[in-house]
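Peer 1: Structure incoming, see below.
The values are calculated or read from the model by the stated rules, or taken from the named source; none is laboratory data. On a predicted model such as this, the values are computed, not experimentally measured, just so you know. Neighbour counts are summed over all protein chains in view; Cβ atoms, including those assigned to glycine, are modelled from backbone coordinates with ideal geometry.
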């Protein structure tokens, strides 16, 4: 298996199937999304894919540059930007697209109660300290821990600030849709973990045993790879939900309205 073959088989193919299914549902008038929203769906995909690419690029280049993982040069196209092959950048873009389409699929089927509960504002009070504490611990692992904790700590240090920001904005909103979120996170995480184990078994990329814990799932997949997909899918699902949900949009419009109002008052005061 080549890296391009991995992308085609495990990302491009399911993305194509899900996209065609959604387009069929939409044209047939069966698009039953509970979040029609004011933000066009196509823009949300472009936004999250762009953010994923920009945010992940320096971090992943650092991993390859420091030998945390490496790829087989004979199994990639040979186009390298920085330390990372072109296929890796395509993966950064395709993963959030796959995650978003899986969410659309789940929302259209309506097999999961998307969230009829009231918002629980207290969720933010306990969720944020827990995640912040985990981030601080991961910083300690990175600078003072054993080399075997390097990959895991780098993942947590990189991903948790984004999750902290998302929880700060809408922990209560996310908790309301916890059933949907759980399925939407676990589905691509398990699927991509299986795909990753196949790629590792084929030698497409290799994780440095000196900078990872050595714990293997199924005897093949390093636990750090599972954590990577779990963290990235958490960020993706949280991101889409905080764009699509009515509560998140109302919160944004309320904040934006207050900012504009304060700005207008400030201008008037200067004029006086």
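Peer 1: Hey, can you tell me all the residues within the stretch 204-229 that are surrounded by fewer than 19 Cβ atoms within 10 Å (Cβ to Cβ) and out of contact with any strand residue (DSSP E or B) (no Cβ under 9 Å at 6 or more places or on another chain)?
Peer 2: Those that are surrounded by fewer than 19 Cβ atoms within 10 Å (Cβ to Cβ) and out of contact with any strand residue (DSSP E or B) (no Cβ under 9 Å at 6 or more places or on another chain): 210, 217, 218, 219, 220, 227.
Peer 1: Follow-up. Which of the residues spanning the stretch 47-79 are surrounded by fewer than 16 Cβ atoms within 10 Å (Cβ to Cβ) and not in a helix (DSSP H, G or I)?
Peer 2: Matches in the stretch 47-79: 66, 67, 70, 72, 77, 78, 79.
Peer 1: Could you go through the stretch 195-203 and let me know if any residue there is crowded, with 21+ Cβ neighbours inside 10 Å and within 20 Å of residue 64 (Cβ to Cβ).
Peer 2: The answer is yes; a qualifying residue exists.
Peer 1: What about residue 130, is it in contact with a helix residue (DSSP H, G or I) (Cβ under 9 Å, 6 or more places away or on another chain), more than 16 Å from residue 228 (Cα to Cα) and in a helix (DSSP H, G or I)?
Peer 2: Working: in contact with a helix residue (DSSP H, G or I) (Cβ under 9 Å, 6 or more places away or on another chain): no; more than 16 Å from residue 228 (Cα to Cα): yes; in a helix (DSSP H, G or I): yes.
Considered against the rule, which asks whether it is in contact with a helix residue (DSSP H, G or I) (Cβ under 9 Å, 6 or more places away or on another chain), more than 16 Å from residue 228 (Cα to Cα) and in a helix (DSSP H, G or I), residue 130 comes out as no.
Peer 1: Within the stretch 80-96, count every residue that is surrounded by 19 or more Cβ atoms within 10 Å (Cβ to Cβ) and either free of Cβ contacts under 8 Å to residues at least 24 places away in the same chain or assigned to a strand (DSSP E or B) (or both).
Peer 2: 2
Peer 1: For residues in the stretch 46-64 being free of Cβ contacts under 8 Å to residues at least 60 places away in the same chain and in contact with a strand residue (DSSP E or B) (Cβ under 9 Å, 6 or more places away or on another chain), which is nearest to residue 207 (Cα to Cα)?
Peer 2: Across the stretch 46-64, the extreme among qualifying residues is 64.
Okay, residues lined up against (1) modelled with pLDDT of 90 or more; (2) surrounded by fewer than 19 Cβ atoms within 10 Å (Cβ to Cβ); (3) within 25 Å of the chain's Cα centre (by Cα); (4) closer than 13 Å to residue 166 by Cα:
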| site | (1), (2), (3), (4) |
| --- | --- |
| 235 | yes, no, yes, yes |
| 245 | no, no, yes, no |
| 257 | no, yes, no, no |
| 260 | no, yes, no, no |
| 267 | no, yes, no, no |
| 270 | no, yes, no, no |
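Peer 1: Name the one entry in 172, 196 that is at pLDDT below 95, touching a helix residue (DSSP H, G or I) at 6+ places or on another chain (Cβ under 6 Å) and assigned to a helix (DSSP H, G or I). Steps first, please.
Peer 2: On the way: 196 fails: at pLDDT below 95.
Matching residue, one of 172, 196: 172.
Peer 1: Count, please, the residues in the stretch 1-46 that happen to be buried (at least 16 other Cβ atoms within 10 Å of the Cβ), part of a helix (DSSP H, G or I) and modelled with pLDDT of 75 or more.
Peer 2: Here the count works out to 14.
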